[in-house]
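A.B. asks: Below you'll find the structure I mean.
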Amino acid sequence: MLHHLAEGVFVLITGCLFALLVRVRPGAKPMSFTKLAALFVIGCVIGVIFISTDGLFAPKTGL
């Protein structure tokens, strides 16, 4: 349960950071709330991809 909560928080933080960093990049024009919300969703998708591919290339331990 706690593991899934931590993953959910990671996804939300990734979404917020993605939207924030795109908004404050040099030369950025002012954005509407709709575009900012869309960037948040894209950031959340990126976070889900990070979580789902976390152990993809991890070496298998155990004999």
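A.B. asks: Given the criterion out of contact with any helix residue (DSSP H, G or I) (no Cβ under 6 Å at 6 or more places or on another chain) and at pLDDT 95 or above, identify the matching residue among 37, 58.
C.D. replies: 37
A.B. asks: Return the residues of the stretch 3-18 that are free of Cβ contacts under 8 Å to residues at least 40 places away in the same chain and either closer than 8 Å to residue 47 by Cα or in contact with a Lys or Arg (Cβ under 9 Å, 6 or more places away or on another chain) (or both); say none if nothing qualifies.
C.D. replies: 12, 14, 15
A.B. asks: Moving on to the next point. Could you list, in sequence order, all residues of the stretch 8-41 that are open to solvent by 80 Å² or more (accessible area, probe 1.4 Å), aliphatic (A, V, I, L, M) and in a helix (DSSP H, G or I)?
C.D. replies: 12, 13, 17, 20, 21, 41
A.B. asks: Continuing with the same structure: Please work out which one of (1) part of a helix (DSSP H, G or I); (2) open to solvent by 100 Å² or more (accessible area, probe 1.4 Å) is the condition residue 45 fails and give its number.
C.D. replies: (2)
The values are calculated or read from the model by the stated rules, or taken from the named source; none is laboratory data. Predicted, not measured: the structure shown is a model, and the values here were computed from it. We place every Cβ from the backbone using ideal geometry, glycine too, and count neighbours over all the protein chains shown. The area values use the complete protein model at the heavy-atom level, side chains included, leaving out ligands, DNA and RNA. Shrake-Rupley method; radii C 1.70, N 1.55, O 1.52, S 1.80 Å.
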